[in-house]
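Here the structure is laid out as structure tokens; the discussion comes afterwards.
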Amino acid sequence: MYEAEAMSEDYAIKIVKDRDNKLIGRRELIVLIDHFGKGTIPRRELRRRIAQMLSVNEDLVYIRKIETEYGLMISKARVHIYESVERALEVEPEHIIRKNRGGEEGGSRT
């Protein structure tokens, strides 16, 4: 298992599970985000930080889901990191692509 951690003044991000899915051509991560005193981290910000943390292009990173239990200041996210943009666009559902690309092609604001 691979563990990595990135901290800033707002958020602490820790990878708790890292799995290579060679059949699909991606890495599948489970990350914990500590955001004490702040709201849940926006999807776009999490994408940027994961890309920086792992030294990959942000276009290869897709946040599948961010969950925060009521009253806790810790979120759990499922993240996919693809080997190529083309492969990501083939595999990821359209709504996930829109959520992660946000303002580029229309979609959610985060």
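In this structure, does Glu92 turn out to be touching a strand residue (DSSP E or B) at 6+ places or on another chain (Cβ under 6 Å) and modelled with pLDDT of 95 or more? Against the criterion (touching a strand residue (DSSP E or B) at 6+ places or on another chain (Cβ under 6 Å) and modelled with pLDDT of 95 or more), Glu92 qualifies.
Taken as a whole, the structure places Arg101 among residues that are part of a helix (DSSP H, G or I) and at pLDDT below 95. Considering segment 42-80, the residues that are without any contact (Cβ under 8 Å) to a residue 40 or more places away in the chain and among the polar types (S, T, N, Q) include one that is surrounded by the most Cβ atoms within 10 Å (Cβ to Cβ), namely Thr68.
The residue pairs whose first member lies in segment 81-103 and is loosely packed, with under 13 Cβ neighbours inside 10 Å, whose second member is at pLDDT below 95, and whose beta carbons are closer than 6 Å, counting only pairs six or more residues apart or on different chains, do not exist in this structure. Taken over segment 59-85, the residue count meeting the criterion of being more than 10 Å from the chain's Cα centre (by Cα), of a type in the set (Ser, Thr, Tyr) and part of a strand (DSSP E or B) is 3. Screening the candidates Asp34, Asp20 for the property of being of a type outside the set (A, V, I, L, M, F, W, C), buried (at least 16 other Cβ atoms within 10 Å of the Cβ), more than 22 Å from Gly102 (Cα to Cα) and touching a strand residue (DSSP E or B) at 6+ places or on another chain (Cβ under 9 Å) yields one hit, Asp34.
The values are calculated or read from the model by the stated rules, or taken from the named source; none is laboratory data. Predicted model only: the values in this text are computed from it and were never measured. Because the Cβ atoms are built from the backbone with ideal geometry, glycine has one as well, and the counts that use them run over all protein chains shown.
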